[in-house]
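Asks: Could you have a look at this structure, given as structure tokens, before my questions?
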Ligand SMILES: [Zn+2]
Ligand SMILES: [Zn+2]
């Protein structure tokens, strides 16, 4: 019996549960669909009624702090016969950090890290949990932005749990997504982004440092001490500094709701407190801490239906402003939505995008046709020039298209070209 365990346990580069699930299926040499149906689903539905047809819930996020995450942890611990898998998720931070908008639905990755893992062969290629944390946007080792679109087919919407899931590979075209270099034509990476990436790395290493049975501090305790030590107990001042609303900060401090991760990241950036200081020891070295003066914008929670509408509108508008190569379907795939939802959210723009895409496809086809006609004429003329008979074999070779006589239109084009030179 083989046995694999998650990579990087106890470190900030711990493997995400989805990645471990994909690798487990691969180690068992079964497709992810079979792995799910035969091994995971029986565990997931042990206590619940099993649906008629089980299929992978592709939009399910198992790496966060939800019940789904806890159920998958239990199921995979059983399937893989490995110990505690909670550290491959954000479950150890329940109660300390707000659960909303914590983990991205889609996979994101540093292509250079992937390529290095593949090249060095020391650890298996895997996808670290830190890549899936919403607030992490860059790879601090390579100073590049994390990407979410396949380098080959350019498709986003890379949800991890699909029937053909493979670590480091595109769910749409199967291409390997590691790259040795990336072009640097994007916006420069800011100091706060670097702080977030490093602080989240530190955050994920915390469970490995805690003594058996100890947990991270509850949000309320962490917020109160930050406020008292650095803001003289003034919630409103803390709210101003972190770009929040006083009512929000008071809600966190009184334990009405746990503070979101971005609040702790901003607080850490401003005060110089580390994640360990904030969530474990609560002892702050005020004199030694390096403070940043940063004006943060107020971040208000956007209800999901608004953000989805906004994403659809922006996606459609970008397609309309582009070269026409993007279809409504491609936009839907990138947003993890059904094409029908994109149409429903903005029928006017969707139909404009469709018309533009149809024109683009037609133009591409026309261009291909005229290129083919020109190539045929040149090939026939070449034969005539050399005094050869343009046989089907010669034509196939000259055109580099062994299937050209199978297509009615191409066959007719070749005949017409031969007729024009009297053959
Ligand atoms: Zn990297
Ligand atoms: Zn692809």
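Asks: Filter region 243-279 down to residues that are under 17 Å from residue 96 (Cβ atoms) and crowded, with 21+ Cβ neighbours inside 10 Å, then give me how many there are.
Replies: Going through region 243-279 one residue at a time, the tally reaches 18.
Asks: Which fully enclosed helices (runs of 4 or more DSSP H) of region 166-248 have 3 or more residues being within 16 Å of ligand 1 (Cβ to nearest atom) and within 28 Å of residue 127 (Cβ to Cβ)?
Replies: Once the helices (runs of 4 or more DSSP H) in region 166-248 are filtered for at least 3 residues that are within 16 Å of ligand 1 (Cβ to nearest atom) and within 28 Å of residue 127 (Cβ to Cβ), what remains is 191-209.
Asks: Related question: Please verify whether residue 151 is assigned by TED's automatic domain parsing to the domain that holds residue 102, within 16 Å of ligand 2 (Cβ to nearest atom) and either touching a residue at least 60 places away in the same chain (Cβ under 8 Å) or at negative phi (or both), treating the condition exactly as stated.
Replies: yes
Asks: Give the residues of region 121-165 that are at pLDDT below 90, within 20 Å of residue 4 (Cα to Cα) and out of contact with any helix residue (DSSP H, G or I) (no Cβ under 7 Å at 6 or more places or on another chain), sorted by residue number.
Replies: 121, 122
Condition check ((1) in the same structural domain as residue 369 (by TED's automatic domain parsing); (2) touching a strand residue (DSSP E or B) at 6+ places or on another chain (Cβ under 9 Å); (3) surrounded by 14 or more Cβ atoms within 10 Å (Cβ to Cβ); (4) over 17 Å from residue 371 (Cα atoms)) across all residues:
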{"residue": "383", "(1), (2), (3), (4)": "yes, no, yes, yes"}
{"residue": "387", "(1), (2), (3), (4)": "yes, no, no, yes"}
{"residue": "391", "(1), (2), (3), (4)": "yes, no, no, yes"}
{"residue": "396", "(1), (2), (3), (4)": "yes, no, yes, no"}
{"residue": "399", "(1), (2), (3), (4)": "yes, no, yes, no"}
{"residue": "403", "(1), (2), (3), (4)": "yes, no, no, no"}
{"residue": "408", "(1), (2), (3), (4)": "yes, no, no, no"}
{"residue": "412", "(1), (2), (3), (4)": "yes, no, no, no"}
{"residue": "415", "(1), (2), (3), (4)": "yes, no, no, no"}
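Asks: Also, I was wondering about something else. Given the criteria modelled with pLDDT of 90 or more and away from ligand 2 (no atom under 15 Å from the Cβ), does residue 222 qualify?
Replies: Yes, satisfied.
Asks: Report, by residue number, each residue of region 129-145 that is touching a strand residue (DSSP E or B) at 6+ places or on another chain (Cβ under 6 Å) and within 11 Å of ligand 1 (Cβ to nearest atom).
Replies: 131, 138, 145
Asks: Pick from region 95-122 the residues that are over 21 Å from residue 147 (Cβ atoms) and either surrounded by 21 or more Cβ atoms within 10 Å (Cβ to Cβ) or under 22 Å from the mean Cα position of the chain (by Cα) (or both): which of them is nearest to ligand 1 (Cβ to nearest atom)?
Replies: 97
The values are calculated or read from the model by the stated rules, or taken from the named source; none is laboratory data. No experiment lies behind these values; they were computed from the predicted model shown. Positions of Cβ are generated from backbone atoms using ideal geometry, with glycine treated the same way; all protein chains shown enter the neighbour counts.
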